[in-house]
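The values are calculated or read from the model by the stated rules, or taken from the named source; none is laboratory data. Since we're looking at a predicted model, the values are computed, not measured. No Cβ is skipped: glycine too gets one built from the backbone with ideal geometry, and neighbour counts run over all protein chains shown.
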Amino acid sequence: MSTVALLALGNPWRGDDALGLRAAAAARQRAPHSIELRTQHLLGPEDVLIMEDAAVALFVDASLQEEGAFRLSRIAAAEQDSVLRHGPSPAQALAWAGLVLERVPPAFLLAIHGMAFEAAAGLSRQAAMHLEKALDFLDALLAEPRAEHWITLCGSSP
Amino acid sequence: MTEGSSLETAERGGLRRVVIDPVTRVEGHGKVTILVDEANRIHQVRLHIVEFRGFERFVEGRPYTELPVLVQRLCGICPVSHHVAAGKAVDILGGAGPLPPETEAIRRLMHIGQILQSHATHFFHLASPDLLFGMDAAAQERDFFHVMDRRREVARDGIALRRFGQAVIAAVSGKRIHGTCAIPGGVNRGIAAQERQCLLAAIPEMLERAQEGIEVFRTCYAADLQRNRAFGTVPGNVLSLVQGDGTLEFYDGVLRARAPDGAMVFDGQPAAAYRQRITEAVKPWSYMKFPFLHELGQEQGWYRVGPLARLVNCERLGTPLADAQRCAFLEQEGRFVQSLLATHWARLIEVLHATELIGDLLDDEAIEQPRQAEMGPWRQDAVSIVEAPRGTLIHQYGMNSDGLINAANLIVSTTNNNQAMNEAIRRVAQDELDGHVLTEPLLNHVETAIRAYDPCLSCATHALGQMPLIITLQDGAGHTLDAIMRDHDGQIVHA
């Protein structure tokens, strides 16, 4: 179990919503052997399979809620819920992993601060700066892919 | 053959209207209306497709080369089927000669990947809860999350097969949904060697999972064999593509139609002959057309398409594991089996067949470097037919001398199955609802019948300007004061 299951979420066509996808693409370039990557607009049940042998699961997504450039947080499986929402959350995907895989790896969400999500727009200038900072942080995460270490980094919000 | 049709139309007076809206666990949006009297006797049952598309008009005026990308936006579930059908059409319009074998193989690979992932989604994610837990189970138990919880291995089979089919599509087209592949006379890329090897390595596991899926269905079906065989079953004609020797064909081939007893209605018909063999009727209460086999007439000529139609219509599948399963299936259920729920059995055999086909196609390293076909003069008209997951899909286009599309007609699988689905839900209503107090679980029986066809509801209504329409003017008591109707030719008449 040495891999990181990296689930990147977003829509490349909607401005800063592409932050997660861009971070994932860069991570694959920088650490191709230590991650298993899956990119999605929306999470679905089939996405859980990459978590099967993962030491840690990392969801990377854009967020409007952050105050700083990014934030790492620990996430847990949602309470069981039989309703399939249009945009299932990472916590929901972890709940599916518990059902299908009978294990939920330690899981984290790296939320990168986006500002503008208009259709057919590129990354905003500020989001691009946030992405640069988040990538440096992601490098540090992937250099030591242990849940115990990542927990100490949670709440980082430069 | 038209027993259920007596429930197509009833006088509204004194009847109560029960609506299933939306029909759940199907793709797209539809609703069912049922008219019942005070004694809960069923008087009318209709399936309505309530979405509207309009692609036949959207594509007019666009360059023909755009078709494969434009029309796949009809649907997010089966875009590949439309992409491939339009790809074959632009070959014809662009004057392409025969595709090099490896190039056709890449298109077939994408198409079969779609068959696999769509069938897996349909059976495991959408339909299996009815079979595993029963149609009368509590609503909160009839979903895929309950399958994950209670039948982990079944869910796992479905998830893995769906993901594999999506991976095949992505390897060919760059994306799991709405990728690109077909261009006039060829494809826009080959398969990367690493991806080809990676997919090939997964074939043994997928074959195992596909066979497990068949066994899961057989067990469920056998648990109440007599009832399951009769459920929603109305004998009908079948239509599908086959190869010249009768082998099942998804990508190309000729049209074959059989009567319910297996008698051949026609065989060996090229795609362009569909205009002589199939007539599209309209009904004032539906946006969706009702095609029928021309030589049998509207009353007797309705037909079904899809997995069960394909398996009984062909002589063989052409891959060993799936052929063995087909033989066992037909031996048990009869050579020209008509049982509605057996459609799922046929669907799962096609999952196995698709997995075998994908393995065969990936085995040829020539697909890493495809060539283009020789191109000749443009043509003004093209008809293209493929077998989509849910059945026969027909695309026809006209093009002007500037290379712009000036006409389009699409008959999608759901449209082909329109009358068959209506017949099925009327049979279910007659057999299982008539005289009973209608409850949610009972209404789910109707939905179960629709799910057997897995209608791609979202792409079935698209003929802007051609769809029949009735506008009625009613007084406060609901009495009709006036009504006008636009028929399928666009003529406005007072109804």
| query | Which of the residues belonging to the stretch B:122-159 are under 22 Å from the mean Cα position of the chain (by Cα) and among the aliphatic types (A, V, I, L, M)? | reply | B:126, B:127, B:131, B:159
| query | Can you tell which of B:189, B:150, B:142, B:196 is crowded, with 24+ Cβ neighbours inside 10 Å and touching a residue at least 12 places away in the same chain (Cβ under 8 Å)? | reply | B:142
| When you go through (1) within 14 Å of another protein chain (Cβ to nearest Cβ); (2) over 24 Å from residue B:71 (Cα atoms) one by one for residue B:177, which number turns out not to apply? | (2)
| In the stretch B:142-157, which residues are in contact with a Phe, Trp or Tyr (Cβ under 9 Å, 6 or more places away or on another chain) and within 8 Å of another protein chain (Cβ to nearest Cβ)? | B:144, B:145, B:146, B:148, B:155
| note | For the stretch B:244-268 the number of residues that are surrounded by 14 or more Cβ atoms within 10 Å (Cβ to Cβ) and not in a strand (DSSP E or B) is 8
| request: Scan B:376, B:435, B:398 and give me the residue that is within 19 Å of residue B:278 (Cα to Cα) and either modelled with pLDDT of 95 or more or surrounded by fewer than 18 Cβ atoms within 10 Å (Cβ to Cβ) (or both). | output: B:398
| the stretch A:82-131, subset loosely packed, with under 13 Cβ neighbours inside 10 Å and farther than 15 Å from residue A:43 by Cα, residue modelled with the highest pLDDT | A:125
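So that you can scan it fast, the table gives a plain yes or no per residue for (1) over 13 Å from the mean Cα position of the chain (by Cα); (2) surrounded by fewer than 17 Cβ atoms within 10 Å (Cβ to Cβ); (3) at pLDDT 90 or above:
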position: A:1; (1), (2), (3): yes, yes, no
position: A:4; (1), (2), (3): no, no, yes
position: A:14; (1), (2), (3): yes, no, yes
position: A:18; (1), (2), (3): no, no, yes
position: A:22; (1), (2), (3): no, no, yes
position: A:25; (1), (2), (3): no, yes, yes
position: A:32; (1), (2), (3): yes, yes, no
position: A:44; (1), (2), (3): yes, no, no
